[in-house]
1. Confirm whether residue 155 is part of a loop (DSSP other than H, G, I, E, B) and either modelled with pLDDT of 95 or more or within 13 Å of residue 288 (Cβ to Cβ) (or both).
2. When the residues of segment 41-76 are filtered to those that are out of contact with any helix residue (DSSP H, G or I) (no Cβ under 6 Å at 6 or more places or on another chain) and in a helix (DSSP H, G or I), which remaining residue is surrounded by the fewest Cβ atoms within 10 Å (Cβ to Cβ)?
3. Of the residues 8, 28, which single one is touching a helix residue (DSSP H, G or I) at 6+ places or on another chain (Cβ under 6 Å), under 30 Å from residue 325 (Cα atoms) and surrounded by fewer than 24 Cβ atoms within 10 Å (Cβ to Cβ)?
4. Could you please find all residues in segment 176-192 being touching a strand residue (DSSP E or B) at 6+ places or on another chain (Cβ under 9 Å) and over 30 Å from residue 121 (Cα atoms)?
5. Just to be sure before I move on: is residue 320 part of a loop (DSSP other than H, G, I, E, B) and either in contact with a strand residue (DSSP E or B) (Cβ under 6 Å, 6 or more places away or on another chain) or in contact (Cβ under 8 Å) with a residue 40 or more places away in the chain (or both) in the structure I sent?
6. If you take the residues in segment 11-25 that are touching a helix residue (DSSP H, G or I) at 6+ places or on another chain (Cβ under 7 Å) and assigned to a loop (DSSP other than H, G, I, E, B), which one is surrounded by the most Cβ atoms within 10 Å (Cβ to Cβ)?
7. Taking residue 129 and the conditions (1) buried (at least 19 other Cβ atoms within 10 Å of the Cβ); (2) modelled with pLDDT of 95 or more; (3) part of a loop (DSSP other than H, G, I, E, B), which numbered condition does it fall short on, given that it satisfies the others?
8. Keeping to segment 363-393, report how many residues are within 13 Å of residue 244 (Cβ to Cβ), in contact with a strand residue (DSSP E or B) (Cβ under 6 Å, 6 or more places away or on another chain) and crowded, with 23+ Cβ neighbours inside 10 Å.
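The values are calculated or read from the model by the stated rules, or taken from the named source; none is laboratory data. Since this is a predicted model, take the numbers as computed values, not measurements. Glycine gets a Cβ as well: all are built from the backbone with ideal geometry, and neighbour counts include every protein chain shown.
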């Protein structure tokens, strides 16, 4: 399915979805659309975390950078996600050790820790107001999962020296969450959560201050690399020495070799009415974020004004459900039945990209062309890092880029045509297991 199906299927052209994040975003004046011909050292396609991070870090290294965004900066998954800055990659450390060996797993651990630190440093250095809060609980929705959490916490503490995580048995978890459905888990105080759109817009302001030329409503139609890169929109052309494709789930039409390794899927979030302090504390005692052990993950946290932001449910075609609130609300009530009478003020969806291995895909496609996609739900940290390591590679220092580009990210069986029915069958099977 072409990326354009996702890029234009659900939102008004050039507009943010009517989400809680858009309603509480830091004011951001629209950037101009590209018109005419411009030249740059680097052209970045995509105004999410990857593209903004790459543009910022390239500009700080002295490169002249143009960034093209088809809609608005932070319009895609970067401005719609659950806002969780988790520890590690989407695959946990024991799985990475089994897949890649201890040495590579250790390298990835260090990269993931660097990703968390980078996001926190960027927020601090550029004074990005994005409601940054510490702590994420990962909760077991089945009793049989609890012992696995205990072993995982012990493994991170012993093998990686990570002391910011601790195991929670059922009483400890019940003391922190107002949900009867969970049986234990762990709490990671090295992880944080934030307002994702305001974080993206903060990166955009930092990039602009560093000299990046930002263009919105400038969808790339085609690109080519005879010698230099030529990138065309409906009304303009960029000629650049390097090209960075940072469109994640929207890259199908621009990068077929990337598209064969990723699958765009949709996830959905609702925001309740605001609660008073006592009610909010009964839901999540310490104002941490929560995720759970389901294959189709439920995740939730409190906003700055004490709304519950609850994410859950997936679809695999371009169109969103007609009534997102009704789609997500039953999932919220399964976890927090005491909210049956609460009002839902916002419901929105977003498109992310997953890979077969659930590891990100970074690649040098053709000489001066770099691409990154497929964060599989860990994009707040890993996409920010990917932008930085691409900037390093463009500047000639590729050690970290090579580690990430060497990760096993196979093509989906059947390529872009058959990945949909085959993957939907697989996802449906695992979603059914969640309910059994």
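1. no
2. Step by step, filter segment 41-76, then rank; the result is 60.
3. 28
4. 178, 179, 181, 182, 183, 184
5. So residue 320 fits the description; yes.
6. Once the filter is applied, the top-ranked residue is 16.
7. (1)
8. Looking only at that region, the number is 6.
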